[in-house]
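FYI, it's all coordinate maths here, none of it is from the lab. Source: prediction; values computed, not measured. Positions of Cβ are backbone-derived with ideal geometry, glycine not excepted, and every protein chain shown enters the neighbour counts.
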Amino acid sequence: MEGLGQRRGLNSASAKKSPRWTRRVNPGKIYREIDWPLLVMFGDLFVVIAGFEKAVVTPETADSIGRLHLENALTLAGVTAVLSNLVSNGPAVLVLKPFVPNLSDPQHAWLVIAMASTLAGNFTVVGSVANLIVAYRAASRGVAISFWAYFRWVRH
C-alpha cells in the first residue's frame, strides 16, 4: 500500500480499529441490505458473456469483425454505441475485449470504447445496468420508466 501514497503506520492503525467496527455492526443487518437479485444478475451477466465469447468468437467471427475496420475511431465508437444499447454498456465492453489486442493501437481503442460505451449507456434505459437498476427501483415505488419515455427524455 505504500506505493499508493499511504504510510504503513496508517494502514496498521486502521486494521487495529477494524475489529471494533465489525463487532458493532450486526452481519445479519448487512446481509439483509444486499440486493441479492442484482448480485445474481451481475454474476449471470459475466457467465453469459464468457459463454458468448467461447461459443461465438470463432476465427471466422474474428475475421468478419476485422472487416468492420475497428481501427477507425468513429467506426469503433459506432459499433460500441450500438452494441451498448443492445446488450448494455458493460457487456458490450466485454464482448469487444477479444478484438482489441489485434488492433493497431489497443490503448487508443480502449479509450474510444470507454468513451463510447459511457455515452451510449445514457442513450436508452437498457444502455447501462445502472439505468436498469434505477428503473427497477422506481417501479418498486410505483414510478414507471418505460423504454420510450426514457428515450424521449434523453433526446430533449
| query | Where the centroid of each part is defined by its Cα atoms, how far is region 39-96 from region 112-148 in Å? | reply | 18 Å
| request: Starting with the fewest neighbours, write out 74, 132 ranked by other beta-carbon atoms found within 10 Å of each beta-carbon. | output: 74, 132
| note | Binned at 5 Å starting from 0, the alpha-carbon pair-distance distribution of region 35-155 in whole percents comes out as 2, 11, 18, 20, 18, 13, 9, 5, 2, 0
| said: Can you compute 3J(HN,Hα) from phi for each residue in region 133-141, using the Karplus curve 6.51 cos²θ - 1.76 cosθ + 1.60 with θ = phi - 60°, rounded to whole Hz and x for Gly and Pro? | reply: 4, 4, 4, 5, 5, 5, 4, 5, 10
| field | Residue order, fewest to most surrounding Cβ atoms within 10 angstrom, among 24, 152 | value | 24, 152
| query | Tell me, what HN-Hα J-couplings in whole Hz come from the Karplus equation 6.51 cos²θ - 1.76 cosθ + 1.60 at θ = phi - 60° for each residue of region 59-70, using x for Gly and Pro? | reply | x, 5, 5, 4, 5, 5, 5, x, 6, 7, 6, 5
